[in-house]
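Visitor: Mind having a look at this structure? Questions to follow.
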Amino acid sequence: MTEPEAATPRKRPWMWVSIVAIVFGVGAMVLVFSSRFGVDPRLVDSPLIGEPVPAIELEQLNGQGPLALTDLQGEVLVINFWASWCFPCRGEHPALTAAARDYRDQGVTIVGMIYQDQPGPVNAFLDELGRGGDNYRYLLDPNSRGAVEFGVFGVPETYFVNADGIIVGKIQGGVTAGALRSTLDQILAGELPTL
Amino acid sequence: MSGSKRLPAALEERRRIALRDLEELAEQVLNGELDEETAGRLRAGYEAELAAVDEAAAAEPVSAATKTETGAETAAEPAEGRSSNRIVVGALALVGVLTVVILFAAQVFRSDPEPSPQTPTDVASIDGSSAEEMEAIVAAHPESAAMRLALADRYFEEGDYASAIDHYLQVTNLELTLDEESRTLGRIGWMAYSTGQVESAVQFINNSLEINPDYYEGKLFLGMVSLYGLEDPAAALPLLEEVNALPGLGDQLRVEVEAALADARAGVESP
Amino acid sequence: MSESLRKILAGAVTVGLAIVVVVGIVIGDSTPQDRVQALGSSIKCPVCQGEAIADSPSETATAMMDVVAEKVEEGLSDDQVFEYFRVRYGDGILLDPRFEAKTLLLWLLPLAAVGLGVVMILRRRQAPAPTVSGEELS
Amino acid sequence: MTALAGYFGIVLAMASAFVLALLGLRGMHHPHRVSRRHLELAVFGLMAGGGLAFLALELGLLADDFSVAYIADHSATTTPFVYKLATGWAALEGSIVLWGLVLVVFTLTVYLRSRRDKEINPLWVGALGIMGLITLYFFGLMATIANPFQVCVEAASIGCLETSNVPWATAMAPLEGPGPNPLLQNHPLMAVHPPLLYIGYVGMTVPFAFAISALIRGESGAGWLRQTRSWTLVAWSFLTAGIVIGGLWSYEVLGWGGYWAWDPVENASFMPWLVATAFIHSSVVQQRRGMLQAWNFILVIATFSLTILGTFLTRSGIIASVHSFTQSPIGPALLWFLMVILVGSLSLFATRIHLVASSPRLTSLASREGVFLLNNLLLTVFAFIVLIGTLYPMFAEAVSGSQLGVGRPFFDRLAIPISFALLLAMGLGPITPFRQARGSVVWERIRNPLRVALAAGAGAVLFGNRDGYLVLGVVAGTFVISVILRQLWVTASRAAAKQGTPVWRSFWRTMRSDPGYWGGQLSHIGVALLAMGIAISANQGADTQLVLEPGQTAQFAGHEITYLEDFERDEVNRLVLGARVEVTHSGNTVVLEPRLNRYARSSQPVATPSVDTSLRGDFYLSLTGIGGGRISLDVFWFPFIWLIWVGGVLAAAAGMFSLIVKKPARVATGAEEESERV
């Protein structure tokens, strides 16, 4: 297509500038969109890392009385939000009970925060898959206050608290034995965990 | 494309609008929408525009020529469709070739990123059908091994071992392919392990691997049971290594296998 | 009835109606329940997709609404309530972005668009051009 | 067999589209070099191919042909008939087949219309060529990365394990499929909503193709606008209907008592609607007054690009939304297409702007043209705000890595004032004279409507509604409607006086004499009703949460609510838990049955609300929990919410009114020219 004569030469620089601008503008847009491919749009960082553990007190499962997270100061805490209706929770449960067993003597306590669930199915779940030792505590969170305090987006979600009561890490989704181990080892060694 | 043909059309449009402006203006004045003064000013403008258009049209010699040009082309009847014959034939040939190329290219591209069909995650692609629905089908066709097995697999993969175990046990009485049988036995074994019955778990899984020695999930199970159940990392290590070397493991599974592998290695080094 | 009297009466009725409307709007009230709802509709439900906690029937959203109501009762300001959720869930939890460096464009671009549009419209306001522009003639 | 036939259809359509594109691009400069016969061949081939592909998919679905992987993975023998049909567009690949079919039908209509000209018209042939290119892209998608006719070569017990792209591969069909996504078979509206939206989206291709053809040819003037007017209106009407029906679906099915959430995908359908609405108005200005020519090109390019952007956002999985399909290779493909469209058409526009820009002819801002300009400014700024609000979080995260939420409060804050301004423009525009408006003329035309509007507002206040938005909404809506009714009354009575017939008989005649204008006004009435519905139900609505035991009664919004009993029902695909609740209002008693549906593999149950609709409004019950002998209910009262649906449907139908209603032949002096008076 040849340029019609009507196009006066003085128009041209302007035209080319706008074409370059169009190409760059659209290119930038395409770049931004492409950077989002393969990223889960729901994934979020927790802003709680570096903050002290929330001072909440909740009833324990099966009437063992109330327990405040701040009472566990000095222990390294693994705070795991879970529910019996959640499939990945089933998958990660053995890793958690194993960690409770293996790290018991090193001052690690695992807190199972029961998220939107009833004692009935919870106990059935624990009877089936095992409960962990005396350093595995289960807290009822009947109106999700605990979940709100921790900014929980869904289950399972696991927070790590060091001996000073500071939240140092968070895993979204099911934890694996390996990740749990390496994180706990780092925290016990006084390092900041790298996830 | 030269500007000569376009100009008359543009002029035509301007003339049309100017004429219409004048017509509507009169109407508006009649309806009392415009006062005479504004209308007069506008009318002068539209009339000037009309005059300018006429002048430009008169100064444009091609406007008549366009007509003849068009006429000439129409008259040249044999020329009609000259290009399109070539286009149609060429295009069809090109499309034919392209289709074949694309088809095979697509096939090649596709096979890469997809996990191999043997991985258990793949069966979960029957997402969406409800378990109740499948239960109903299974109840209606108690002799259908495939259906029951799919349901059992599904429960198993959801972690609903309580529901899975019944179907797996029942399915062992039906006719199964070797692959299916070994998977069934292996998974029964794994569920046995998860309820703490380590010995019978090992027995089931060994049976399963006897039937199908290439059943990698069984090796994974055996590895895990050896490592955590029998606490025998030395036995677990080769099995886990073998599983870990497989391509096409799901991401999640890969992480778990690697963790177990690390545990096994640690166990071997410091018994 | 004389023509002018009718005009005056009609004018008075119009003004009277306008006064009722304006007064009605001005004395419009806002109850504390409204404030909880308003706050809730500015906080995203973390387990849903694109819904506010005030709109979502999910348990988490209900719990969060309870927290909002509680905080309002405690006398926290709107910003304090938002801050409470922001430090726990991150900036993404607020549906109403705050005015800050990274949202600068979000607020300025619409303004710029309005400005550009107004300028473009005003530039069109010229006396009718009876003469043909040189370009189309050439 | 199905796969082979379907895939053959796709290839046939591809080949025809390719031929059509080449013929069109050639014919746009040398119309006599292409023959009509070949053009016809290409278009009919396209139609045959697209039709065959769609038919094969639908027949395959009805016949439960599970050798086709798409059918095996998305349908089931137990799926009800309607949902089997709807499964044809319920998942990614199928939805593109429907897209292709609609595109093909639009291409056919363009071709059939083009036969009215004795000679091949270069503008039309060019437009057909552009449509051929676009069609080629979509069928290319089907032939490669979004192939709906993949053959199932390894069956699972339910569904398909492994697929092959080669249509003649030996199939191994499973006995049963999993059936469509439960949410999609929850309500029949879901079968209607996507096709309506698609017709709306795809219809915008026609004005776009004509615009590009006109640009390439450097053709100025309103020719392309006049010739695509019907398609633009059809597309706009369907888009409107699609959006309204989508809102209704959300309201009826999702149980949160809302119809619009500013969800990214809702926004994606709203943006093209806004720009298309601006386009319909500004094209009137160009046709009547010869203004805004370049601007119309921009608008039509923007509309088409926004439909592709919307499809991209829905299909690529890059934003979290209730509507998104999962990640698929089609995302990048659509992104590239969008890039080509944007860069191509905007660059073309930049090289042609000196040919197509019209001279400024605005006499005064205080004129119909001036209000149209205001309307365009408002609508495009509105669309721009929605665009920014939708994409900003993504851009902010890509640039700064930190997350950001932009939701309802942001959109509402900006949308409400714009909407009021639009209502004002809607009230003033149609009665403002062209060229220059005198204050006295306009005042005469709005004086009485203004009084009616103020009276309605005062009425609302006296009935106890003190919310500012509600009262303003009532005033603005009533104003728009009464201005239009007054105009109709005055025009009709003038005509009646002239002909000596009773006034009531000339209403229809008046409207028929200028279907464009009156169709537009009907549409305005629809939008005004919708706006009032939103203002009233949003501000006067109430909601509460109740926990009830059997036999227990609660009071809410003048209703008495008694929980009678619960019930449980096993359905094919779900377990339904429900509660029977008796609702009494001023002596009338109804029993509502809000339900919770439990689907396997879904941790949260899906609520199906139950609604008692009356003229006063909707009493809406949504079950949030059941068990332990108690139920918890979300109870909503939405007064006059039906105004939204009625207004929306009227707005959509009115778009068709101006197309379908033909003015009496005797008035037509140069029909083409007259009909453009919208």
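Visitor: List the relative contact order of chain A as a percent without decimals, with contacts defined as Cα pairs under 8 Å and 6+ residues apart.
Guide: 25
Visitor: Right, here's the next one. May I ask you to give the solvent-accessible area per residue for the protein assembly as shown, in square angstrom, as obtained with a 1.4 angstrom probe?
Guide: Spelled out: the 1.4 Å probe surface of the protein assembly as shown, per residue, equals 41 Å².
Visitor: Let me ask something else about it. Report the calculated FRET efficiency for C:ILE27 and D:TRP443 (r = Cβ-Cβ distance, R0 = 35 Å), to the nearest 0.05.
Guide: 0.75
Visitor: Kindly state, to the nearest 0.05, the FRET efficiency for B:GLN170 paired with D:ARG115, given R0 = 45 Å and r defined as their beta-carbon distance.
Guide: 0.10
Visitor: Roughly speaking, what % of Cα-Cα pairs in the protein assembly as shown are separated by over 58 Å, rounded to a whole number?
Guide: When every Cα pair of the protein assembly as shown is considered, 25 percent fall beyond 58 Å.
Visitor: Where the centre of each part is set by its Cα atoms, how far does region D:481-527 sit from region A:47-121, in angstrom?
Guide: Rounded to whole Å, the Cα centres lie 72 Å apart.
Visitor: Ranking request for peptides C:66-74, D:417-425, D:287-295: highest mean number of other beta-carbon atoms within 10 Å first, then the rest in descending order.
Guide: In decreasing order of mean packing, C:66-74, D:417-425, D:287-295 become D:287-295, D:417-425, C:66-74.
Visitor: Just to be sure I understand: if I project the alpha-carbon convex hull of region D:221-279 onto a plane and average over all orientations, what area do I get in nm²?
Guide: 4.4
Visitor: Sticking with this structure for a sec: May I ask for the Kirkwood hydrodynamic radius of region A:41-188, worked out over all distinct Cα pairs and given in angstroms to one decimal?
Guide: 15.0
Visitor: Just tell me which aspartates and glutamates come within less than 16 Å, Cα to Cα, of D:LYS84; anything on the same chain fewer than 8 places away is out.
Guide: Within the straight-line limit of under 16 Å, D:LYS84 reaches these aspartates and glutamates: D:GLU58, D:ASP64, D:ASP65, D:ASP73, D:GLU93, D:GLU176.
Visitor: Then there is this: To two decimal places, what compactness ratio does region D:66-126 give when its Cα radius of gyration is scaled by 2.2 N^0.38 Å?
Guide: 1.71
Visitor: Sticking with this structure for a sec: So how tilted is helix A:87-102 from the main axis of chain A? Cα-based, degrees 0 to 90, rounded to 10.
Guide: Approximately 50 degrees, to the nearest ten.
Visitor: For the residue pair D:PHE567 and D:LEU485, what label-to-label distance in nm results when each label sits 7 Å from Cα along the Cα-to-beta-carbon direction?
Guide: Reported label-point gap for D:PHE567 and D:LEU485 is 4.3 nm.
Visitor: Let me test this: with uniform point scatterers at the alpha carbons of region D:428-467, what is the Debye-based log₁₀ I(q)/I(0) at q = 0.19, 0.25, 0.29, 0.31 1/Å?
Guide: These q points yield log10 I(q)/I(0) values of -0.62, -0.78, -0.90, -0.97.
Visitor: Separate question: Hey, what do the phi angles of region B:32-42 turn into as Karplus ³J(HN,Hα) couplings, whole Hz, using 6.51/-1.76/1.60 and θ = phi - 60°, x for Gly and Pro?
Guide: x, 7, 10, 7, 4, 5, 4, 4, x, 4, 5
Visitor: Another question about this same structure. Below 8 Å between Cα atoms, with a sequence gap of 6+, how large is the relative contact order for region C:31-96 in percent?
Guide: Normalised by residue count, the contact order of region C:31-96 is 33 percent.
Visitor: Still on this model: So which aspartates and glutamates pass the test for C:LYS7, namely a Cα distance under 17 Å, with those fewer than 8 places away in the same chain ruled out?
Guide: D:GLU444
Visitor: Let me ask something else about it. May I ask you to order D:508-516, D:39-47, A:185-193 by the average number of other C-beta atoms within 10 Å around their residues, highest value first?
Guide: The most tightly packed comes first, giving D:39-47, D:508-516, A:185-193.
Visitor: In addition: Considering amide H positions built from the backbone, and no H for Pro or chain starts, which residues 5 or more places from C:ILE43, or on another chain, come under 5 Å of its amide H?
Guide: Residues meeting the amide H criterion: C:ILE53, C:ALA54, C:LEU95.
Visitor: Let me see the P(r) profile for chain D: every Cα-Cα distance counted, bins of 20 Å, each bin given as a percent of all pairs.
Guide: 16, 46, 32, 5, 0
Visitor: How big a patch of accessible area, both sides summed and in Å² to the nearest 100, lies buried between D and C at a 1.4 Å probe?
Guide: Protein heavy atoms only, the D-C interface buries about 4300 Å².
Visitor: Which whole-number percent is the relative contact order of region B:136-218 (Cα, under 8 Å, 6+ apart)?
Guide: The normalised contact order for region B:136-218 reaches 23 percent.
Visitor: Quick one, what does Rg over Rh come out to for region D:370-517 if you take C-alpha atoms and the Kirkwood Rh?
Guide: That ratio is 1.13, to two decimals.
Visitor: Over all alpha-carbon pairs in region C:31-96, figure out the percentage whose distance exceeds 21 Å.
Guide: It works out to 11 percent of all Cα pairs.
Visitor: Could you sort the residues of region B:42-60 by number and keep only those whose accessible area is reduced by 10 Å² or more in the all-protein-chain setting relative to the chain alone, 1.4 Å probe?
Guide: Those are B:LEU42, B:GLY45, B:TYR46, B:ALA48, B:GLU49, B:ALA52, B:ALA56, which lose 10 Å² or more relative to the chain on its own.
Visitor: Residues of D:362-371, mean number of Cβ from any other protein chain within 10 Å of their own Cβ, rounded to a whole number?
Guide: 3
The values are calculated or read from the model by the stated rules, or taken from the named source; none is laboratory data. Computed from a predicted model, the values in this text were never measured in an experiment. No Cβ is skipped: glycine too gets one built from the backbone with ideal geometry, and neighbour counts run over all protein chains shown. Note: areas computed on protein heavy atoms with side chains; ligands, DNA, RNA excluded. Shrake-Rupley method; radii C 1.70, N 1.55, O 1.52, S 1.80 Å.
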